[in-house]
1. Find all pairs meeting these conditions: Cβ atoms under 9 angstrom apart; at least six residues apart or on different chains; first residue within region A:603-625 and farther than 21 Å from A:Arg311 by Cβ; second residue assigned to a helix (DSSP H, G or I) and open to solvent by less than 40 Å² (accessible area, probe 1.4 Å).
2. Of the conditions (1) at the interface with another protein chain (Cβ under 7 Å from one of its Cβ atoms); (2) under 22 Å from A:Phe114 (Cβ atoms); (3) not basic (Lys, Arg), B:Phe372 clears all except one; give me its number.
3. Which of the following residues is at pLDDT below 95 and open to solvent by 60 Å² or more (accessible area, probe 1.4 Å): A:Ile66, A:Ile14?
4. Those residues that are touching a residue at least 60 places away in the same chain (Cβ under 8 Å), more than 23 Å from A:Thr130 (Cβ to Cβ) and either assigned to a helix (DSSP H, G or I) or at the interface with chain B (Cβ under 8 Å from one of its Cβ atoms) (or both), I need them from region A:144-168; list them, please.
5. Right, B:Leu415: open to solvent by 10 Å² or more (accessible area, probe 1.4 Å) and at the interface with chain A (Cβ under 9 Å from one of its Cβ atoms) or not?
6. Please verify whether A:Val174 is β-branched (Val, Ile, Thr) and open to solvent by less than 20 Å² (accessible area, probe 1.4 Å), treating the condition exactly as stated.
7. Check A:Phe228 against each of (1) more than 11 Å from every other protein chain (Cβ to nearest Cβ); (2) open to solvent by 30 Å² or more (accessible area, probe 1.4 Å) and name the one condition it does not meet.
8. Give all pairs with beta carbons closer than 8 Å in which a residue from region B:315-336 that is at the interface with another protein chain (Cβ under 10 Å from one of its Cβ atoms) meets a residue that is open to solvent by 10 Å² or more (accessible area, probe 1.4 Å) and of a type in the set (Lys, Arg); count only pairs at least 6 apart in sequence or on separate chains.
Amino acid sequence: MIKLIVFLPLLAAIVAGLGNRSIGNTAAKLVTTGALFVACALSWPIFVGFLTGSREAFVEPVLTFIRSGDLNVDWALRVDALTAVMLVVVTTVSALVHLYSWGYMAEDDSQPRFFAYLSLFTFAMLMLVTSDNLVQMFFGWEGVGLASYLLIGFWYYKPSANAAAIKAFVVNRVGDFGFSLGIFGVFLVFGTVSIPAILAAAPGMAGSTIGFLGHRVDTMTLLCLLLFIGAMGKSAQLGLHTWLPDAMEGPTPVSALIHAATMVTAGVFMVCRLSPLFETSHVALGVVTFIGAATCLFAATVGTVQNDIKRVIAYSTCSQLGYMFFAAGVGAYGAAMFHLFTHAFFKALLFLGAGSVIHAMHHEQDMRYYGALRKHIPITFWAMTAGTLAITGVGIIDVFGFAGFYSKDAILEAAYASGGGGRIAFIVGIFVALLTSFYSWRLVFLTFFGKARWAGSEHIQHAVHDAHGHGHDHGHDHAHAHDAHHDAHPDAEGAGSEPHAHDPGVEQVKHGTAGYHPHESPWTMLVPLGVLTLGAIFAGYIFSPYFVGAETGGAFWKGSIAFNEHLMHAMHGVPLWVKLAPAAVMLTGLAIAWWGYIADTGMPARFTSTFQLLYKFLLNKWYFDELYHAVFVVPAFAIGRFLWKRGDQGTIDRFGPDGAAALVSAGGVLTRKLQSGYVYTYALVMLLGLAGAATWAMAS
Amino acid sequence: MNQLGFPVLSLMLAVPFAAAIACLFSSAQTARWLALAATLVDLLLGILLWINYDLAGPQWQFTEHVDLFGRFAWALGIDGIALMLIMLSVFLMPICIAASWEAIQKRVPEYMAAFLLMETLMIGVFTAQDLFLFYIMFEAGLIPMYLIIGIWGGARRIYASYKFFLYTLLGSVLMLVAMLWMVREAGTTDIPTLMNYDFPVHAQTWLFLAFFASFAVKMPMWPVHTWLPDAHVEAPTAGSVILAGVLLKMGGYGFIRFSLPMFPEASAQLMWLVFGLSMVAVVYTSLVALVQEDMKKLIAYSSVAHMAFVTIGLFAFNRQGIEGGLMVMLGHGLVSGALFLCVGVIYDRLHTREIARYGGLSNNMPKYALFFLLFTMASVGLPGTSNFVGEFLSLVGAYHASSWVAFVATTGVILGAAYMLYLYRRVAYGEAPNAEVASLPDLSARELAIMVPLALSVLWMGVYPESFLAPMRRDVGSLLARIERANPGGDAKIAFGHRPAPAAHEGAH
């Protein structure tokens, strides 16, 4: 059955991909979406089996992979509680995103290609979460990277999409560099790459030292940190995060599936899967906590000033991943996985909701040109509101709360309870919860409340003009159809223009509707929104005891992660102010957003003009891109050119073959013969040599 | 005799040789069909060889031995390593003939004869068991390549073949001298015997360096690599395929057949030289590849970087490294050949290799874009494709030998992704620069027939490499047994300190 879950998407991807235009849109969509819904339907019983405790972990062998001496790697599918969680997350979100794309991509020219990529991605992700050894995990790891590359660059005629796709792949490769070295090191130390075997042997290696690049370092710290570099790349943690915001160049369903719910959480999954390994190194866990908290803060600060709706959600994702990492860093792996689980639902919901808004607003992504959409697209509005309630963690203790209420509070409480560096993470986490609340409500207020500011948008002007020109007054489908001609709109969708400090603020843009009428999305898009809304509301309430319950958690995880019961107990016993702090900052963030974007809309502009430098710093994302461009990209090309012109041509050739030629031509007569019939001369030299050799061999 | 009951290796040499002579006396069209038939027959014989190769049998199989004059003997025989390289050669050959079907219109019979002769000599290199027979095949194999570049090549073909000549001449002269000394010292020209002969340690260094001069050029290793980009750029497509696919593998084959087993102590002593040059090669040529404007040059430089993974693996002195090095040779043979064919496909249409002249080919050539993408991903070592297995094993081995080497070489995976994706983006993505590029036709049936077997092999080798590792396993084992005494060991040296292990979180398990 697990084979069916994993390989059906691959089969569907092959059929849709190779069939492409010859089998047509409908067939490709049916095959891929059907495969995913089957996989999803098969996954939930497995998950429920682990919830009820009726299932045990198992490994299903598939095929021999690499055999080289002691290195034995097999293709095999491992299913335990941790995998089961990922199975339902991946297949559910993927199936819903497939369905959503029927509506969202309806007018695209290359739908089979799109659906094939989506299914290919799902296959790779499933291989990643079911891996029983590090090499297969790496296969899935790189496989999702490939799918992400293909989907970010799906609209390949856009230079910005291509640049973003390459950036995503190469930055991820930097992470994979660490991951690979980690795998090599693991094999060197443990003589195996099988995950259960490594985890069993890890405590025995704690405290040993190993030589690395001329230094002696702690073995387990080295291995964990190398592997963690891989996790940082895939999960867009500070330093290797630059690709994620740019990845918004991909179609919005892709952002929901890959860059919010599943692929970017692979790093968290990896740390949890290898949690007994990380438990052997305090230093490594400290680094995980620190990087997680730093990313959490960084991304949230940047998220507060972005104007592109997708970028806000992208930074939000980055920030939430930071929460998951510092949860893992303080030893609360159950809480990290719980937040991964709930986040998948509400973040996919927010992205798909944003897609629905973008769809309604004729591919305008700049929130400054939104406003007052509440009444025009009410279903999207309510779905997005549910998502926002979930991410900001609204709820009343011991009564009911939205998904994020349970998971985020669990993380914050665990951080507090773990003491030490965890306390710092707790403070950062509380502050970020305030920022989260602010930027999430800011998004809702800018989009759905206030006055309509659509008139200033070029996309809307285009749509209106086009509709009038063709005598269609309420041509939603028509408008969309027009927009699907991407040649006419090279910037039909994307991460929007790079932010500039002199861009107009919300107050400066032209108000009015320009006669445009946004329409609610078709049912194929609304059904996934509805299902995910249910997830965003109830996922926390229902599953909290299993993921983080002090008594019940251990029975659910069954050793698939290093479940720390003591920490879970301590977590439930934190002081009341710790439990109430998230709610307090959430309300504060809401209040500030309400004040700045509903009550007194001139406030943000006044604020930014007062704090110009800070605003620019945040708007330019702490200048990471500029720094990397100057430090890595430019020098790589410059050094490459230097080595080619000065090294190969200027030195090796000059003093090598060309120099020899010059020397020989000075010699005169002999050379002319050499140059006129070099091949024959060479053959002659060889024959003479051989003749000499033969004579000599026979004589001796 | 052997398990097949007829001298199959001699037959594999004779078929293309006879066809080459016949080609010279045929018309263009007959020569094409003759060449295709001969190469296909050799492919079938190769498959027969693979099927009948006995994994549990003796190390050397299908042996033939006929004494000629003096110490010379017509001695043929293969082990698993040679078998795999022969398979690579006979597999690529029909593809090359098919790729030249329409591209070559000038002096077709001679062209086909040159290719068939080259096939004979390549198989000869991998089957020869006599030192001088090997030398003849090894050096003579370059003559058809000179002709192919010099006659059917591009504008600067004279310069390219001249450079090729200068580099290889130097190496082969030194190697010949070393061979003569070895024969006198050991009193035999039989390669299997020589592989177990212990040369004096002080002499090994000089012998090693003499062979190294030849193999390093063939490989090619930095800094004797500059002939390769020029040779590739000037060679016709099929010439590039054979050059990258098979001829470059002769250097690696030389290391594993001669340098390592015959001079184990010298190999260990000079390991730093090999590692040093390989580390430079990975970083240096990858950066140079990044700034190339000519597609073939870019792929040529990437070949130098990939071949560095071979040398790193082979000299790691452990099983993973050596098997990895061999797998990189096989994988790179398929993938670089396929990439040159991809360049050839569009070169045949637009007659330029300048990257900037292309763009947006995904629109009008979707099938082409798919294959090109697959081979690009294989080249960057994506798991599931042939190159991953080799690079992974080779680097695992390297890490055992030295963390520095593994660290520097692994940066190649980042740079490799950068230059290959940058190439793919400029060719397949974006907008077509003009209407001519936008209307280039997609792959023809003939081109599809070339691409499909390559694509399937790349995936096969990536998903189930056991088919290829199994025949070589025992031979790598005997090589390891031979060189183990010289193994310098790695730098990891795990040690348990005296301080107590730090207590992990409570309840971690």
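The values are calculated or read from the model by the stated rules, or taken from the named source; none is laboratory data. The structure displayed is predicted, hence computed values, not measured ones. Virtual Cβ from ideal backbone geometry, glycine too; neighbours counted across all protein chains shown. Heavy atoms of the whole protein, side chains included, go into the accessibility calculation; ligands, DNA and RNA do not. Shrake-Rupley method; radii C 1.70, N 1.55, O 1.52, S 1.80 Å.
1. Sorted first by the residue in region A:603-625, then by its partner, the pairs are A:Met603/A:Gly596; A:Met603/A:Tyr597.
2. Unmet condition: (1).
3. On the way: A:Ile66 fails: open to solvent by 60 Å² or more (accessible area, probe 1.4 Å).
So the residue among A:Ile66, A:Ile14 that is at pLDDT below 95 and open to solvent by 60 Å² or more (accessible area, probe 1.4 Å) is A:Ile14.
4. So in region A:144-168, the residues touching a residue at least 60 places away in the same chain (Cβ under 8 Å) come out as A:144-145, A:147-148, A:151-155, A:157-158, A:160-161, A:163-165, A:167-168.
With the extra rule that they be more than 23 Å from A:Thr130 (Cβ to Cβ), the set shrinks to A:152-155, A:157-158, A:160-161, A:163-165, A:167-168.
Within region A:144-168, A:Ile152, A:Gly153, A:Tyr157, A:Ser160, A:Ala161, A:Ala163, A:Ala164, A:Ala165, A:Lys167, A:Ala168 meet the criteria.
5. Values: open to solvent by 10 Å² or more (accessible area, probe 1.4 Å): yes; at the interface with chain A (Cβ under 9 Å from one of its Cβ atoms): yes.
Here the answer is yes, as B:Leu415 does meet what is asked.
6. Working: β-branched (Val, Ile, Thr): yes; open to solvent by less than 20 Å² (accessible area, probe 1.4 Å): no.
Here the answer is no, as A:Val174 does not meet what is asked.
7. So the condition that A:Phe228 fails would be (2).
8. Short answer, once both residue conditions are applied: B:Glu323/B:Arg473.
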